[in-house]
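S.K.: Structure provided below as structure tokens; questions to follow.
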């Protein structure tokens, strides 16, 4: 398929109310040849955004499950969390929080993000391990090699303010490089208060505080290229109103190294290594009222450490490119819950291991006139285990019985998973191409789904208020995926619809527990019986469209439409946290050094909700945003805008319920979206 590059809007990256954004020179770029036709790349040139995950709402089919201002969980076509393979700088970052308080995209602030790419449709097997819900690739800002022997210095600095949360963002990135050496340093900060909605009400706690930095070096000589990078994240007191605790700190970083060599005749070898070490502290009493009883004081300390290796060899074969890869990663998880006012403790996850070892092969090339085929096969071995757990000796007998049963069980589990994908693209004419795809994708249970032995809410950010237990014997999910799409570009019009169907066997979700001890513990703590992760059968289907039309040399109209339906095949229930039908449209007028844009974003009501966890229905809504940007001098840009200009009171269906008392939002109500936000930003690039 011929390459196409569509600028959806020059002021494209929406500053999702709580975050300030610099809209200068920003575009959402769609490129048909960077990975394969239909792969989307979101490339913000500015760096004043706070939340990288917010960019996903601009991609057809993508959305966010938000539990807090820095806790945006990626969602694509109704699948989210561990089902979506989220890769940051080539690494599969592991969450240190068992409730996804630090999803992968939160580890690199938007101000340090160079590109965010979403594979539209069926993700190729080469894009990563466990890609049932697709693949998202984030690349942080890094230095680039220069063109000559002389060293040059470049960089960008940004600052922004948002009124809805009295928020401040700032960042600086600088690089020093020549043709053989490159060095970069960066620093960013985001800090804000509880955000407002419906005039003057606030969501408490929704404050945020994050500080991050990176440092990196690269060397290139002839056909050899080696690089090193270290990134550190220091998140302070940050609210997560949809979860039972708030973030006190997330600290630590990732060290990575990569090496590539061009072997000639179209052959190359790319290798990489990373090591991750993170610590996380949370509690339920510093940012929110914890209740009158001392027994309601809870705090948790969690840890993750691990790393990964990959090696990919590429060569020309049979008129296309053949890739052969070896990949693997290991992670270790710990969670310890305690009460600072008493001896109470729960050793919740102890010595949990989840290790993945994988090999793949993929071929991409022409097999006929105008016909391209991408075919891949991947095998993955997943080994999991967990150590003994414990609870305070004075705990009720049912809890101690659950502990003893878990410790007496065989907790070592292994899965052998096979993935296959076939995507054919036919160029029908210069204006039209058609794509057909089929895939079999697999995902094994997360460590929470398998090893949660006591009814708790450590559920990877489900945020439904229910207490869950795991099942050691869960089978892997197996998804059969079908895709049909077209891309039409003629004159001033671009139109790209996609339809999809996913049939998932052994889909993992909560079911009413039949464990009497678990139900007694859950009833005593929540007034409801426990849910247990179980295998069910499910299906997801829908369509998404991207379109654009150039109305004139300086005026254009762009938009997206997304719809997904998710339900069980074996019981009539709906799947949880599925975004309703939604659309976006933006009219942009540009001149050489300024632009102004008006965007409408609309969501229909969602009445197809999951009964198993009493998911709430949500009403439809529409939002209006207006923004402008100005370049008063070369390299200097100023952005000004108003989001939710009508101050609409609304709630995203993919947001969850409020868990925190003392807010203007009642406990159990949906957390509302942010109210009217006036932002001002500035950036300077040298």
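The values are calculated or read from the model by the stated rules, or taken from the named source; none is laboratory data. Please read all numbers here as calculations on a predicted model, not as lab measurements. Here the Cβ is made from the backbone with ideal geometry for all residues, glycine too, and neighbour counts use every protein chain on show.
S.K.: Going residue by residue through the stretch 116-124, is there one that turns out to be surrounded by 23 or more Cβ atoms within 10 Å (Cβ to Cβ), within 13 Å of the chain's Cα centre (by Cα) and closer than 26 Å to residue 187 by Cα?
M.R.: Looking for residues that are surrounded by 23 or more Cβ atoms within 10 Å (Cβ to Cβ), within 13 Å of the chain's Cα centre (by Cα) and closer than 26 Å to residue 187 by Cα, one finds at least one in the stretch 116-124, hence yes.
S.K.: Need the failing condition index for residue 130 against (1) buried (at least 24 other Cβ atoms within 10 Å of the Cβ); (2) assigned to a loop (DSSP other than H, G, I, E, B); (3) modelled with pLDDT under 95, just the number.
M.R.: With (1) buried (at least 24 other Cβ atoms within 10 Å of the Cβ); (2) assigned to a loop (DSSP other than H, G, I, E, B); (3) modelled with pLDDT under 95 applied to residue 130, the lone miss is (3).
S.K.: Next question, about the same structure. Here is a check on your reading of the model: is residue 222 without any contact (Cβ under 8 Å) to a residue 40 or more places away in the chain, surrounded by 17 or more Cβ atoms within 10 Å (Cβ to Cβ) and either farther than 27 Å from residue 679 by Cβ or more than 21 Å from the chain's Cα centre (by Cα) (or both)? Spell out the reasoning first.
M.R.: Values: without any contact (Cβ under 8 Å) to a residue 40 or more places away in the chain: yes; surrounded by 17 or more Cβ atoms within 10 Å (Cβ to Cβ): no; either farther than 27 Å from residue 679 by Cβ or more than 21 Å from the chain's Cα centre (by Cα) (or both): yes.
When the stated conditions are applied, residue 222 does not pass them.
S.K.: Another question, if that's okay. Take the stretch 509-525 and flag every residue that is farther than 23 Å from residue 573 by Cα and surrounded by fewer than 19 Cβ atoms within 10 Å (Cβ to Cβ).
M.R.: 516, 523, 524, 525, listed by residue number.
S.K.: Same structure again: Is the stretch 560-572 home to any residue that is on the phi > 0 side of the Ramachandran plot, part of a loop (DSSP other than H, G, I, E, B), exposed (fewer than 15 other Cβ atoms within 10 Å of the Cβ) and over 24 Å from the mean Cα position of the chain (by Cα)?
M.R.: Filtering the stretch 560-572 down to residues on the phi > 0 side of the Ramachandran plot leaves 572.
Filter once more, keeping what is part of a loop (DSSP other than H, G, I, E, B): 572.
Filter once more, so that each one left must be exposed (fewer than 15 other Cβ atoms within 10 Å of the Cβ): 572.
Add one more test, that the residue is over 24 Å from the mean Cα position of the chain (by Cα), and what stays is 572.
Yes, some residue in the stretch 560-572 is on the phi > 0 side of the Ramachandran plot, part of a loop (DSSP other than H, G, I, E, B), exposed (fewer than 15 other Cβ atoms within 10 Å of the Cβ) and over 24 Å from the mean Cα position of the chain (by Cα).
S.K.: Still on this structure: Check 533, 482 and return the single one that is over 23 Å from residue 654 (Cα atoms), touching a strand residue (DSSP E or B) at 6+ places or on another chain (Cβ under 7 Å) and surrounded by 15 or more Cβ atoms within 10 Å (Cβ to Cβ). Steps first, answer last, please.
M.R.: Values: 533 fails: over 23 Å from residue 654 (Cα atoms).
It is 482.
S.K.: Quick one: residue 13 ticks every box in (1) outside any helix (DSSP H, G or I); (2) in contact with a helix residue (DSSP H, G or I) (Cβ under 8 Å, 6 or more places away or on another chain); (3) at pLDDT 90 or above bar one, so which box is it?
M.R.: (3)
S.K.: Here's another thing I want to ask about it. Please verify whether the stretch 612-623 includes one or more residues that are within 23 Å of residue 59 (Cα to Cα) and not in a strand (DSSP E or B). Outline the logic, then answer.
M.R.: Start the filter on the stretch 612-623 by keeping residues that are within 23 Å of residue 59 (Cα to Cα), which leaves 618-623.
This time we only want the ones that are not in a strand (DSSP E or B), so: 619-620.
Yes, the stretch 612-623 has at least one match.
S.K.: Moving on. So which residues in the stretch 442-483 are in contact (Cβ under 8 Å) with a residue 40 or more places away in the chain, within 22 Å of residue 569 (Cα to Cα) and outside any loop (DSSP other than H, G, I, E, B), if there are any at all?
M.R.: The answer is 442, 443, 449, 477, 479, 480, 481, 482, 483.
S.K.: Tally the residues that are free of Cβ contacts under 8 Å to residues at least 40 places away in the same chain, surrounded by 14 or more Cβ atoms within 10 Å (Cβ to Cβ) and assigned to a loop (DSSP other than H, G, I, E, B), restricting the search to the stretch 639-649. Step through it out loud before you land on a result.
M.R.: Kept after step one, since they are free of Cβ contacts under 8 Å to residues at least 40 places away in the same chain, are these residues of the stretch 639-649: 642, 645-646, 648.
Right, trim to surrounded by 14 or more Cβ atoms within 10 Å (Cβ to Cβ) and you get 642, 645, 648.
Then drop every residue that is not assigned to a loop (DSSP other than H, G, I, E, B), which leaves 645, 648.
Final tally of qualifying residues: 2.
S.K.: All but one of (1) free of Cβ contacts under 8 Å to residues at least 24 places away in the same chain; (2) farther than 26 Å from residue 466 by Cα hold for residue 666; which doesn't?
M.R.: (2)
S.K.: State whether the residues of the stretch 324-340 include one that is out of contact with any strand residue (DSSP E or B) (no Cβ under 7 Å at 6 or more places or on another chain), surrounded by fewer than 15 Cβ atoms within 10 Å (Cβ to Cβ) and over 24 Å from residue 258 (Cβ atoms).
M.R.: Scanning the stretch 324-340 turns up no residue that is out of contact with any strand residue (DSSP E or B) (no Cβ under 7 Å at 6 or more places or on another chain), surrounded by fewer than 15 Cβ atoms within 10 Å (Cβ to Cβ) and over 24 Å from residue 258 (Cβ atoms).
S.K.: Got at least one residue in the stretch 538-555 being more than 25 Å from residue 495 (Cα to Cα), at pLDDT 95 or above, in contact with a strand residue (DSSP E or B) (Cβ under 7 Å, 6 or more places away or on another chain) and not in a loop (DSSP other than H, G, I, E, B)?
M.R.: Kept after step one, since they are more than 25 Å from residue 495 (Cα to Cα), are these residues of the stretch 538-555: 538-539.
From what's left, at pLDDT 95 or above: 538-539.
Now narrow it down to the ones that are in contact with a strand residue (DSSP E or B) (Cβ under 7 Å, 6 or more places away or on another chain): 538-539.
Imposing the further condition that a residue be not in a loop (DSSP other than H, G, I, E, B) reduces the set to 538-539.
Looking through the stretch 538-555, at least one residue is more than 25 Å from residue 495 (Cα to Cα), at pLDDT 95 or above, in contact with a strand residue (DSSP E or B) (Cβ under 7 Å, 6 or more places away or on another chain) and not in a loop (DSSP other than H, G, I, E, B).
S.K.: Among the residues of the stretch 622-638, how many are farther than 24 Å from residue 551 by Cα and buried (at least 17 other Cβ atoms within 10 Å of the Cβ)?
M.R.: Final tally of qualifying residues: 2.
S.K.: Related question: Just one of 429, 412, 444 is at pLDDT 95 or above and closer than 30 Å to residue 318 by Cβ; which is it?
M.R.: Working: 412 fails: closer than 30 Å to residue 318 by Cβ; 444 fails: closer than 30 Å to residue 318 by Cβ.
Sole residue among the options that is at pLDDT 95 or above and closer than 30 Å to residue 318 by Cβ: 429.
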